[in-house]
Amino acid sequence: MANTIGFGQAAINNTIDYGQGATDNTINWGKSQTLSPGGETNITGTPSTPSFTNTKSILLDGVDDYVLINNNANIDFTSAFSYSVWFKTTDTTNTMALTSNSTKFLVQLYSPTTRIRCQIFDGSASVKNVDINASGYNDGNWHHIAFTTDALTTTNGIKVYYDGVLTSQGTLSNSGIRSSAFDWQLGKHTSTWLYNGLIDEVSLFNSELSASDITAIYNSGVPTSLSSYSSLVSWWRCGDGDTAPTLTDNGSGGNDGTMTNFTTFSTDVPT
């Protein structure tokens, strides 16, 4: 008996012979396939940009910890510039410095009051203080300070933002910013006002950032990447991508910081 089964289009002579003594049982299943070996195929396309993550900060003890950033012409601003920093402290006793360039620029926290002072020296070495009433800045939560100036005598050409909101303004008496050969320091002013708390995502720009820029940087209380800002000069991530004691400058300035009297990072970050 010859049982013939045709499977699908182009199935030819699909014959199955069953039973005792069956010989030449040939099965042809459909159309013959020919496979040819081929080389590797390269998949092309635009790689995705790694997502921004912030997992580390620096914790200063208020005794002798600070970050030293050696003076560099890239951050010796004499014209418009901006500054941004995240901080967290519970210190209600000591006056402390977040950032200092001695006779150029200073951000100071006045405890036990609720005042934050941004101090800047103009081109004629006249000092201008712009204070804000930042009630609760030492409440143990993360806060953000941003400072901008056009370095001109424009009315309210100095602006200070607290947690993304324009809080105080001021006007320089003389145009320009004082040139200073002093080193920059995070968490210290000269040999005094050492900071007790956490600092994260510190940055300097060689332009006057806009209110919308500050809103974007504040990002509703969660740090975001600054790499898209063309005027970004220095950006210290304070742990992410760093190997102690060096805080790598992620901007264009090449101004690495040195962790002084401390070597460990904290995992407490703004969220």
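Annotations
- Mean separation of Cα pairs under 8 Å and 6 or more residues apart, divided by the residue count, gives region 57-266 a relative contact order of 30 percent.
- Förster radius 25 Å - calculated FRET efficiency between D163 and F52, Cβ distance, rounded to 0.05: 0.80
- Mean Cβ count within 10 Å, highest first, over the residues of peptides 200-209, 148-157: 200-209, 148-157
- Cα centroid separation, region 154-183 to region 201-271: 20 Å.
- Charge context of L172, other residues only, Cβ under 14 angstrom, K/R +1, D/E -1: +1
- Protection proxy ranking of 127-134, 100-107, 251-258, 82-89 - average other beta-carbon atoms within 10 Å, highest first: 82-89, 100-107, 251-258, 127-134
- A simple spin-label model places pseudo-atoms 7 Å from Cα toward Cβ; at T243 and N133 they are separated by 5.0 nm.
- Gyration tensor (alpha-carbon) shape descriptor, region 57-266, a/c threshold 1.5: rounded
- Förster-model FRET efficiency, 22 Å R0, S210 and D76, C-beta, rounded to 0.05: 0.40
Read-outs: derived from the displayed coordinates by stated rules, not from any lab. This structure is a prediction, so every number in the text was calculated from the model and none was measured. A quick note on method: Cβ atoms are made from the backbone with ideal geometry, for glycine too, and the neighbour counts reach across all protein chains shown.
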